[in-house]
Every structure is written in C-alpha cells, then in structure tokens.
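Comments concern the structure below.
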Amino acid sequence: MSRLLITMLFIVTMNVQSFAQQMIPKQKGFEISYSVYPKSSDKQNYVLAVGMISYSKNGKYVFGRAEYSSKYYEYRNYNIPIDTYLLNAGYSFYVIGDSMRNVNLNFGVGALGGYELVNRNKPILYDGSLLDSTESFIYGISGKFSLESYLTEHIAFIVDGQLRFLQNSQLGTLHSLFGLGVRYNF
C-alpha cells in the first residue's frame, strides 16, 4: 500500500506545473539559432549561431554569439560562395511581455566583427575572371527584435528579426535576417 501511495505521489508531483522564476539576474543561458536571408530563394543561404546570455535586472540581458553564414552570389550561371565568420556581442532590452514572463518581446543592439571569405579564397573564377578581393575583415552593428516564449522553466523558443550594417562586406552594407532558435537557461 505504501509503495502504491509513494508511486501515486511521485506521478502527481511530476505532472504539477511549477512556476519557477524566469530571467533572474545573473542567470545564464545557452542559445542555438538558425537564420535565413528573407529575400534569398536558395536554401543554401543561412546563418548558424551559438551563444551565451547573462540576465541582468528587469529581463534585460547581455549576449555574445559566434556565427557562421553561407551565402551565394549569383554571377552569370555560377554561384560564388561567400562564407562569413562573425562574433556578435551586445545588450538586449525587455520591451513587453505577459505578467508571468512566459512570452516576451525584446529589442537588442550589438557590435559585429569577423572575417569574410569569397569563393573559398580562390581569386580566379571558372571563366577566368579575377576577383578583386577574396577575403576581408568586416565589422558593424546590428539591431534585432526577438519574441521569446518559455516552453518550460528552462527552455525558451525564440523567433527574431535582425538588421545588420556591415562595413567591408562583399555582399553590401545592409543585411536582414529572420531566425528561429532555442535557449536553455541554467
């Protein structure tokens, strides 16, 4: 009888939803995201990012991310690959959310710095054309809106939109991204 009672209590306590505090100051989180360029028709154009966050007061947080992006520039009937490696660091401000902080809208600003390779660092194209630049250091700023929804007390699902201003990039100065991600807070 006591085993049955203990088993029943265990099952009941596992099914009770806990309302743990979220976004506690000094709480850390690990984030993985996948973004695409909105006007890109190819599925080969994407951005993969991993990063860490650290919450401060009132749902604001500091973030740092390492990103890899792959985009192809169309030249005649040939796609020129452009690979970008970026570090993105900044601060995100809590804008609005529900009273339990299960769904939040944040606005973030960040600084970008990294390296860009054009055509895998090969200066000559298939038709004999010569590229002016095959590699460069790039830098800039970014702004993003993110909608963060907590699925559990530790896991958040993120939908974000970004606008980036990058200097020295072969793709141009302004880039927009739309992304999805998952964050685990510990």
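What to note about this one:
- Residues that are assigned to a loop (DSSP other than H, G, I, E, B) and not hydroxyl-bearing (S, T, Y) within region 140-186 comprise L151, E153, H154, N168, Q170, L171, G172, F186, listed in sequence order.
- Criterion: touching a Ser or Thr at 6+ places or on another chain (Cβ under 6 Å) and either within 13 Å of F63 (Cβ to Cβ) or not acidic (D, E) (or both) - qualifying residue of L112, L125: L112
- Selection of region 95-151 for residues being hydroxyl-bearing (S, T, Y) and under 24 Å from P25 (Cβ atoms) yields S99, S146, S149, Y150.
- Residues in region 27-59 that are within 28 Å of G172 (Cα to Cα) and hydroxyl-bearing (S, T, Y): S33, Y34, S35, Y37, S40, S41, Y46.
- Taken as a whole, the condition of being within 30 Å of Y78 (Cβ to Cβ) and within 15 Å of the chain's Cα centre (by Cα) applies to L163.
- Considering I32, I53, the condition of being in contact with a strand residue (DSSP E or B) (Cβ under 6 Å, 6 or more places away or on another chain), open to solvent by 10 Å² or more (accessible area, probe 1.4 Å) and of a type in the set (A, V, I, L, M) is satisfied by I32 alone.
- Flag for L177 being surrounded by 16 or more Cβ atoms within 10 Å (Cβ to Cβ), under 21 Å from Y34 (Cα atoms) and at pLDDT below 90: no
- In region 77-91, the residue that is surrounded by the fewest Cβ atoms within 10 Å (Cβ to Cβ) out of those that are under 13 Å from Y46 (Cα atoms) and hydroxyl-bearing (S, T, Y) is Y85.
- Of the residues making up region 116-153, those that are surrounded by 14 or more Cβ atoms within 10 Å (Cβ to Cβ), touching a Phe, Trp or Tyr at 6+ places or on another chain (Cβ under 6 Å) and over 20 Å from Y34 (Cβ atoms) are G140, I141.
The values are calculated or read from the model by the stated rules, or taken from the named source; none is laboratory data. Small disclaimer: the values here were computed from a predicted structure and weren't measured. Virtual Cβ from ideal backbone geometry, glycine too; neighbours counted across all protein chains shown. When the accessible area is computed, the model is the full protein with side chains, heavy atoms only, and any ligands, DNA or RNA have been set aside. Shrake-Rupley method; radii C 1.70, N 1.55, O 1.52, S 1.80 Å.
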